[in-house]
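First comes the structure, then the notes that go with it.
The values are calculated or read from the model by the stated rules, or taken from the named source; none is laboratory data. Computed from a predicted model, the values in this text were never measured in an experiment. Neighbour counts are summed over all protein chains in view; Cβ atoms, including those assigned to glycine, are modelled from backbone coordinates with ideal geometry. Quick note on the areas: whole protein, heavy atoms, side chains included, nothing else; ligands and nucleic acids left out. Shrake-Rupley method; radii C 1.70, N 1.55, O 1.52, S 1.80 Å.
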Amino acid sequence: NYPYPSSFLAPLPAWPIQAACDKVLGASDPLVGLADAVAMLYATPNSTCFDMYTIFVKCADQTGCGVGPAARAWDYQMCTEIFYEQATTNVSDMFPPRNWTIAKLNSYCQAHYGVQPDPSFNRLQFGGADMTKSASKVIFSNGLLDPWHGGGYLESQGPTLPAIVIELGAHHLDLRSAHEDDPPCVVEARKKEKSYIKQWLHEGQELCPAATPPAPQPATTGGSVASSVIS
């Protein structure tokens, strides 16, 4: 939901969520409007129907994965680093009914990649209950327009674990290149991020000062003394 046209997932206009809503609300038939909204992301030349079972495939992410290399990489990551257990019902959500348990996830990951997710290690890997004991100098930036922010840290976890909440921030918008249409809150978030990083780099330089080259040492060869040149 970037504030300018982009092609991150597909060629989309500025503020694509608003553009999609306008298509639904402006159509004489809401279903036609919904189809037009979906087509913004999934339309292909000469296509007349969107088959979710060809656009997405069953994978470790219960909401489905795409069919390209990037989607396969995400699938593997869902088996090893990032995973979650939740059911879809098609009543409380828009996805087909599916009860995705850890047992089913283990079975899928073992069959496809020969690995199984480790929930205990996953908790430790991402900091555990008290992140100040295992991590430092991490910025948790979350845009409230990014659906993933619900799983992020919206409050600072310690003096060197700051949280930056961006009201009009879409998915990693603050990590993209600056754009003239960036909302002021995104510009301000980048300033804070740069300030933290600059401070931490300065602290690191104090801990690890630049190495001084060793002074040349004389070398003895065959009873005579020769200068040792260090280049």
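Key figures for this structure:
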read-out: Residue within segment 142-149 that is of a type in the set (Gly, Ala, Ser), within 15 Å of the chain's Cα centre (by Cα) and crowded, with 17+ Cβ neighbours inside 10 Å present; value: yes
read-out: Which numbered condition Ser28 fails, given (1) open to solvent by 60 Å² or more (accessible area, probe 1.4 Å); (2) part of a helix (DSSP H, G or I); (3) small (Gly, Ala, Ser); value: (2)
read-out: Val91, sole failed condition from (1) farther than 27 Å from Cys79 by Cβ; (2) of a type in the set (A, V, I, L, M, F, W, C); (3) not in a loop (DSSP other than H, G, I, E, B); value: (3)
read-out: Which listed residue, of His202, His149, His172, is in contact with a Gly (Cβ under 7 Å, 6 or more places away or on another chain) and either modelled with pLDDT under 95 or of a type in the set (Ser, Thr, Tyr) (or both); value: His149
read-out: Total residues in segment 58-92, condition of a type in the set (Val, Ile, Thr), open to solvent by less than 80 Å² (accessible area, probe 1.4 Å) and over 15 Å from the mean Cα position of the chain (by Cα); value: 4
read-out: Segment 150-167: number of residues that are in a loop (DSSP other than H, G, I, E, B) and open to solvent by 70 Å² or more (accessible area, probe 1.4 Å); value: 6
